[in-house]
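Encoded as structure tokens, the structure appears first; notes follow it.
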Amino acid sequence: MFLKKTSQPEPLQVGLKLLKWIGLHSTTSRKRIWRYYFVVGWLLGNIVLPRALLGSGNEGFDSLVRSLAEMDFFSDVCIAVGIFATRLRNFERMVQILGGIFERYETKQCVEEIRGFNRRMDSFAKVYIAYIVMLVILFNIPPIIWNLYMAIFVSAEHRSSYVLLVEVQYFYLDIRRNIVHYLIYYVLCSTATVCSAYQSCIKGTIFLTALQYGAKLFELLHLRIDRLGKVKAGERRRDELRRIIELHKMTLKYTELLEETITFIMINQILNCMAIWCMFTVYLSTNYGPNALNVVVLFVVFIVEMVVYCVSGTRLSENALKVSSAIYHHQWYLEPADMQRDLRFIIQRAQKPCGITAAKFYFVNIERLGIVVQASYSYYLLLTNRF
């Protein structure tokens, strides 16, 4: 139902459907909230809790590093969506403002541009879900095929340990040697990974898409300021300027609400990114074969998420700066005094950097991505030299 083709999609349409199904939206019955608690509880109870209480069930530094990284990965998605759940009111106000801004762009060119962008974002969200589904299949299917082959065709004395979905001591089951125990573990843990994937889809279709909408709002505002000089001087230009100032205020409000919604999610993402990249790199540098496949899948998920966050954050900040440039090149000093006073608000506000921060510490952009990669590699070298 989430991938159904829509001729004229609304902003954030796919992500809102995901939220409604799980009960995290004001328009749905609060009775559905049990689905959210079930998704989180099933994931924590079948992957995170066994690892935290019983360890990895295997000796060695590599096993420890992998199990910690996997626990961090699956905890991260629960924390991110959990933080978002506490900020739903800000998010819903943000969506209302987004709709209000689009309604104020009435020219045929702007309407077509907005509709085209909505279609692209709708396609992006659906492709992102399809990408997560593909990774879930890649994560879950090869291990069970390999293990069933070993259980059927390889004798017990020549059989190696079964390939696990995640490195964990699953309560008191012998999941590395007993095929029945392994199948019980597989059914429960594979459904837990689906719960994690659902929350990852929320992150992609809501957070990533909302960032791109923020960048688009500044782009539309920039184009409208560029066309201000073509409006006939007099009352028509004054009316157009008032609309631009109103749009600028609403765009800033959208960005402010987006910042309030995801700022702590971003700091959680960046810190976990450094830890997970470092630990997965340590594991992959010395381990190959079937056991490494699932680690690679989780590694790819976090890399893609972080890159898209930083690219979208950079684009939003750059488009906000273009608004200042557009006002500067408008020759505002030739306008009447009352219009100059109105334009001063945009000029003054445009001097302040605009973007999405990680808990107010730093902006999320390409530069931050480079710092994260450098820090992860430094920690990787430290661990490999120490152990």
Of Leu221, Leu183, Leu18, the one that fluctuates the most in a GNM where the chain has Cα springs shorter than 10 Å: Leu183
Crossing angle, helix 366-386 versus the chain [Cα axis fit, 0-90 degrees, rounded to tens]: 20
Acute angle (nearest 10 degrees) that the helix 337-350 long axis makes with the longest principal axis of the chain, alpha-carbon atoms: 10
Accessible area expressed per residue, the stretch 46-117, with surrounding protein chains retained (probe 1.4 Å, Å²): 46
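In cubic angstrom, how much convex hull volume per residue do the alpha carbon atoms of the stretch 11-104 span?
110
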With 10 Å bins from 0: P(r) over the stretch 110-204, alpha-carbon pairs, percent: 14, 34, 23, 14, 9, 5, 1, 0
Under 20 Å from the Ser26 label point (7 Å along Cα→beta-carbon), backbone N, the stretch 80-102: 82-102
Residues of the stretch 202-255: accessible area per residue with a 1.4 Å probe, Å²: 36
Exposure of Met250 as accessible area (Å², to 10), given a probe of 1.4 Å and all protein chains: 40
Pairs of lysines in the stretch 1-120 (C-alpha under 28 Å apart; 8 or more residues apart or interchain): 9
Alpha-carbon centroids, the stretch 276-332 and the stretch 134-171: separation in whole Å: 32
Estimated inter-spin distance, His329 and Arg115, nm [label 7 Å along Cα→Cβ]: 2.9
Arg177 paired with Thr86, simple spin-label distance in nm, labels 7 Å along Cα-to-beta-carbon: 4.5
GNM result for the chain, Cα springs below 10 Å: residue of Glu103, Glu246, Glu235 fluctuating most strongly: Glu235
The chain: radius of gyration over Cα atoms, expressed as a fraction of 2.2 N^0.38 Å: 1.17
Heavy-atom accessible surface of the chain: percent carbon and sulfur, 1.4 Å: 61
Per residue accessible area of the stretch 264-383, 1.4 Å probe, in Å²: 49
Per-peptide average of other Cβ atoms within 10 Å, ordering 358-367, 72-81 highest first: 72-81, 358-367
Probe 1.4 Å - accessible area at Phe153, Å² to nearest ten: 150
Gain upon complete extension [Ile366, Lys232; 0.36 nm per residue less C-alpha separation]: 44.2 nm
Ordering of 107-116, 60-69 by packing [mean C-beta count within 10 Å, highest first]: 60-69, 107-116
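Would you mind getting the Kirkwood hydrodynamic radius of the stretch 56-170 from its Cα pairs, rounded to one decimal in Å? Mind dumping the intermediate values first?
Numbers: mean 1/r = 0.0522 Å⁻¹.
Kirkwood hydrodynamic radius for the stretch 56-170: 19.2 Å.
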Between 0 and 90°, nearest 10: helix 88-103 axis offset from the chain longest Cα axis: 40
Theoretical gain in end-to-end length, Thr107 to Leu321 [0.36 nm per residue, Cα-Cα removed]: 74.6 nm
Length released on extending from Leu54 to Lys249, taking residue separation times 0.36 nm less the Cα-Cα span: 64.9 nm
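The values are calculated or read from the model by the stated rules, or taken from the named source; none is laboratory data. This one's a predicted model, so the numbers in the text were calculated from it and none came from an experiment. Don't worry about glycine lacking a Cβ; one is built from the backbone with ideal geometry, like all the others, and counts go over all protein chains shown. Ligands, DNA and RNA are excluded from the accessible area calculation, which covers all protein heavy atoms including side chains. Shrake-Rupley method; radii C 1.70, N 1.55, O 1.52, S 1.80 Å.
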